[in-house]
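I'd like to ask you about the structure that follows.
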Amino acid sequence: MAEMLEKVRTALTRYKMVGAGERVLVAVSGGADSMALLYSLWWLRKDFGITLAMAHLDHGIRRDTAEDLKVVQKAAEDLGLPLLYDRVDAPSFAKREKLNLEEAARRLRRDFLLRAAEQAQAQKIALGHTRTDLAETVLLHLLRGAGPSGLKGFLPVSPPFIRPLILCAREETQTFCKTYSIPFHDDPTNFDTRYLRNAIRLKLLPQLRDYNPRVEEALAKAAVLLAETEEVLEWAKNRACSELWRGRGLDLLGLRALPKPLQALLVRALASQHGVRLYHRHVEAILRGIERAQAAEYHLPNGLVAHIGGGLLAIEKAAPLPQGVWQLCLPGETSIPELGWDFRLAKIARPAQLDSHDPYLVYVSAKKLQPPLFVRRAAATDVFRPFGEGREKRVRDVLARQGIPRWERERWPVVVDGRGVVWVVGVRLSGEYSVEEDEKEVIFIQARRI
């Protein structure tokens with residue numbers, strides 16, 4: 001008992017898993033790992049000043065789960081601990097949510113434990129994951145082609161979850177239970193090699209031990225190193241994102257100067273802001289677009305769209321083209337969320353300098369305007385005569401020459417009156433509305449993205 005208890009004690013201390021006065025909810029399935037976890041924490045509870053509660057979930061997968069519950073209930077009675085119990089239908093949930101059974105069970109278990117912890121007023125949830133589980137997870141993710149995030153497996157502490165058995169092998173938990181007559185009931189599905197994780201445990205790991213008898217330790221060490229590597233990558237990603245962020249996306253020139261792996265992390269980070277994890281093929285396509293630095297559009301899972309253009313890489317929810325015409329208050333402010341712009345208008349005394357050096361602020365002839373003024377998206381048929389030029393041009397051609405990508409040209413705002421296009425916002429003022437020398441008052445129009 002002493003050797004395994006010391007490993008649990010070391011894990012609790014090294015990883016600062018618990019604090020004095022905390023309640024720990026122990027997830028107990030009835031198997032050897034969870035029963036060894038329960039009794040280890042019971043024997044160490046006074047040393048760390050913690051109290052315990054138990055939680056057990058029947059996933060509705062097997063017919064013999066009553067045996068699991070009996071083992072768990074007996075332990076709760078022997079130790080005098082409160083037990084929270086629930087039963088779910090993991091197979092039906094998997095079918096409904098289109099998940100494999102293992103993932104469905106994991107999600108249901110996590111949700112149950114979080115609810116149970118709240119009910120038990122527990123600050124921590126102890127899971128029975130061992131070093132063997134960590135080795136299996138690393139191999140499982142490796143076979144699926146995971147990167148550092150997956151290959152690190154799971155961490156000793158992922159608040160509110162803690163893994164006090166992280167330094168123990170599975171054989172140790174079974175020996176612990178048998179030595180001290182702690183009853184347990186193994187799940188028979190753990191021996192079904194049709195499940196990949198079971199095949200790794202029962203076939204692959206034993207073969208790897210022929211090459212390295214301490215393969216579990218080696219894989220656990222690799223997981224720790226990869227977790228440290230990911231911390232560095234996370235720091236680099238956050239710093240680069242902060243430095244390159246330009247309002248709605250990342251600066252394309254700065255992005256192209258970064259190493260490709262860091263570019264990929266930033267692409268994934270933009271998508272994760274919308275709760276979407278990108279497939280490798282999507283990331284690779286966007287990276288090729290970044291390298292070409294040409295305007296491009298990429299359709300991604302869950303209705304996301306990646307846009308490269310206007311000096312930016314942006315990943316956004318695909319939105320329908322705004323339909324409508326919005327009247328501007330003169331004087332006053334008008335917010336148009338559908339277009340993503342605010343406008344402020346006023347009639348003011350003519351300023352000494354009409355060139356504001358701000359592309360989103362213009363002065364327009366009060367005499368030539370035919371109010372009311374409206375804003376709408378640029379239409380394919382819109383034409384105007386840009387200030388300083390002698391002939392009419394299509395609005396979208398002018399936008400294209402400004403380097404504005406096609407998908408933005410289709411929704412770019414223009415200010416119009418009763419005669420035509422007054423201002424292609426942020427781009428060019430129509431020469432038909434330029435201020436004349438004798439005008440004492442002008443119309444001030446300012447636009448701002450929202």
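Every read-out reported here was derived from the displayed coordinates using simple, explicitly stated rules and does not represent laboratory data. Keep in mind the model is a prediction, meaning the values are calculated, not measured. Cβ placement follows ideal geometry from the backbone for every residue including glycine, while neighbour counts extend to all protein chains displayed.
Order 283-290, 435-442, 324-331, 367-374 from most to least packed using the mean count of other Cβ atoms within 10 Å.
283-290, 367-374, 324-331, 435-442
In the range 304-369, what is the volume of the convex hull around the alpha carbon atoms, normalised per residue and reported in Å³?
127 Å³
Then there's this: Restricting to DSSP H runs of at least four residues, report the calculated mean residue ellipticity at 222 nm for the chain, -39500 (n - 2.57) per run over all residues, nearest 500 deg cm²/dmol.
Value at 222 nm, helices only: -12500 deg cm²/dmol.
Based on C-alpha coordinates, I'd like the Rg and Dmax of the range 245-317, in Å.
Spelled out, the Cα radius of gyration and Dmax of the range 245-317 are 10.7, 29 Å.
On to the next question. Tell me which of Phe387, Ile404, Leu369 sits at the most positive position along the dipole axis of the range 326-449, charges placed on C-beta atoms (Lys, Arg +1; Asp, Glu -1).
Among Phe387, Ile404, Leu369, the one farthest towards the positive end of the dipole of the range 326-449 is Ile404.
Could you give the dipole magnitude of the range 103-195 about its Cα centre, charging the beta-carbon of Lys and Arg +1 and that of Asp and Glu -1, in debye to the nearest 20?
That gives a dipole near 260 debye.
For the pairs Lys347/Lys440; Lys98/Lys203; Lys98/Lys260, note any where the Cα-Cα span goes beyond 22 Å.
Pairs exceeding 22 Å: Lys98/Lys203; Lys98/Lys260.
Can you tell me how much longer the chain between Phe387 and Ala285 gets when fully stretched, taken as 0.36 nm per residue apart minus their C-alpha distance, in nm with one decimal?
Working it through step by step, the gained length comes to 32.7 nm.
Which parts of the range 261-292 would a label at Ser242 reach, counting a residue when its backbone N lies under 12 Å from a point 7 Å out along Cα-to-Cβ?
Of the residues in the range 261-292, none has backbone N under 12 Å from the label point off Ser242.
Still on this model: Report the charge-dipole magnitude of the range 189-254 in Debye, nearest 20, computed about the Cα centre from +1 at each Lys and Arg Cβ and -1 at each Asp and Glu Cβ.
So the magnitude is around 280 debye.
Roughly speaking, what is the centre-to-centre gap between the range 52-113 and the range 390-450 when only Cα atoms are used, to the nearest Å?
With the range 52-113 and the range 390-450 each reduced to a Cα centre, they are spaced 64 Å.
Under the rule of at least 5 residues apart or a separate chain, name every residue whose amide H is placed under 5 Å from the amide H of Val422.
Val415, Val416, Asp417
May I pose another question? How much of the DSSP beta bridge set in the chain is antiparallel, as a percent to the nearest 5?
Beta bridges within the chain, antiparallel portion: roughly 75 percent.
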